[in-house]
Each structure stands twice: as C-alpha cells, then as structure tokens.
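The values are calculated or read from the model by the stated rules, or taken from the named source; none is laboratory data. These numbers come from a predicted model, not from an experiment. No Cβ is skipped: glycine too gets one built from the backbone with ideal geometry, and neighbour counts run over all protein chains shown. In case anyone asks, the SASA skips ligands and DNA or RNA and just uses the protein heavy atoms, side chains included. Shrake-Rupley method; radii C 1.70, N 1.55, O 1.52, S 1.80 Å.
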Amino acid sequence: MKTYMPKASDIQRKWYVVDAEGQVFGRVASQVANVLRGKNKPTYTPHMDTGDYVILINADKIIMTGKKLDQKFYYHHSGYPGGLKSTSYRKLIAEKPEFAIRHAIVGMLPKGPLGRQMAKKLKVYAGADYEQVAQKPEKLELISFARGGKE
C-alpha cells in the first residue's frame, strides 16, 4: 500500500468566509489556522500547502475571555537598546483588530516559506464588508463551545 501524495494540480482550493462576531479570539484563530493549513481535508500533507482561502469578517467584534484584554500584551522591539514596546490587547483590538487576529493566526502556521505562502490566503476585515465577493465564498461554521460550561 502506497501513501497518497497530492500533486499541485490535484489540490482544489475553496473560499470560506468566517464571521468572528461574538466568537472567542483563540478558538477562531486555531480553527482558521487549521483551514489555512488544509488539516480539515483528507488530502492534508505536512510539506505542501493544501489549505483553502479564508476571509475573516467582523474582527472588531471578537471577544476575549477572562481578563486577557488587560493582562495580555503584544510586544515588539524597535531594534535599539531599550526599544521594547508593549501594547495591551484592549488597545490593540480597539485600534487595529485586523492586525491582532492576523498576528495570532500567522503565529500558528509553520515558519518559513511554506507558512508565508499559507498566510497569503488569509484576508481579515474589521467590518462585515469584504472585497472577494466574486470568488463566491462559502460560509464556514466554526465549532463554538458554550461559555462557562464544560468543553
């Protein structure tokens, strides 16, 4: 029995639209990362980009549980001594919600050329409008767990 390896011409890519309104930040990020990698398909291959395109809308209406909005920080460095900057997620989501969710999703993808190729298939919008209407994306229902209950 031989292991099936898909060719680049065999890969069928779909467009999905994900509505993040009222969804939990980390759960959305991990499930979207799996779709971008292609882990939801039976033809998943770790060394190939078999994933689909994902359009994430309403990034400004995503929620974080617990006290993460004030206790979780985004750090970046200017490259100069003492140049470490930190921003709380409350401020980051208020100013740049697209960046916050994109940063989380891209961090869950492989590092290197393969991960950068997968990251190009992610489109994030703060509002409900998106430009890729001509691609006729399907609505993707994410698995959401009830807050406060057993998961």
| request: Could you order 131, 95 by accessible surface area, starting with the largest, using a probe radius of 1.4 Å? | output: 131, 95
| field | Amide H contacts under 5 Å for residue 14, placed H, 5+ residues apart | value | 53
| query | So how strong a dipole does the range 1-110 carry about its Cα centre when Lys and Arg Cβ are +1 and Asp and Glu Cβ are -1, to the nearest 20 debye? | reply | 260 debye
| What is the spin-label model distance, in nm, from residue 85 to residue 1 if the labels are put 7 Å beyond Cα along the C-beta direction? | 5.4 nm
| request: For every helix of n ≥ 4 consecutive DSSP H residues, a contribution of -39,500 (n - 2.57) applies; sum these over the chain, divide by its total residues, and give [θ] at 222 nm rounded to the nearest 500 deg cm²/dmol. | output: -7500 deg cm²/dmol
| task | Determine the dipole magnitude for the range 69-150: charges of +1 sit on the beta-carbon of Lys and Arg, -1 on that of Asp and Glu, nothing else is charged, the reference point is the Cα centre, and the result goes in debye to the nearest 20. | result | 240 debye
| remark: Judged on accessible area alone, 1.4 Å probe, highest first, 88, 78 line up as 78, 88
| query | Of the beta bridges DSSP finds with both residues in the chain, what % are antiparallel, to the nearest 5? | reply | 30 percent
| request: Quick one: what are the phi-derived ³J(HN,Hα) couplings along the range 105-110, Karplus 6.51/-1.76/1.60 with θ = phi - 60°, whole Hz, x for glycine and proline? | output: 5, 5, x, 8, 8, x
| query | Just by accessible area at a 1.4 angstrom probe, what is the order of 129, 49, 60 from largest to smallest? | reply | 129, 60, 49
| task | Can you tell me how much longer the chain between residue 77 and residue 131 gets when fully stretched, taken as 0.36 nm per residue apart minus their C-alpha distance, in nm with one decimal? | result | 16.2 nm
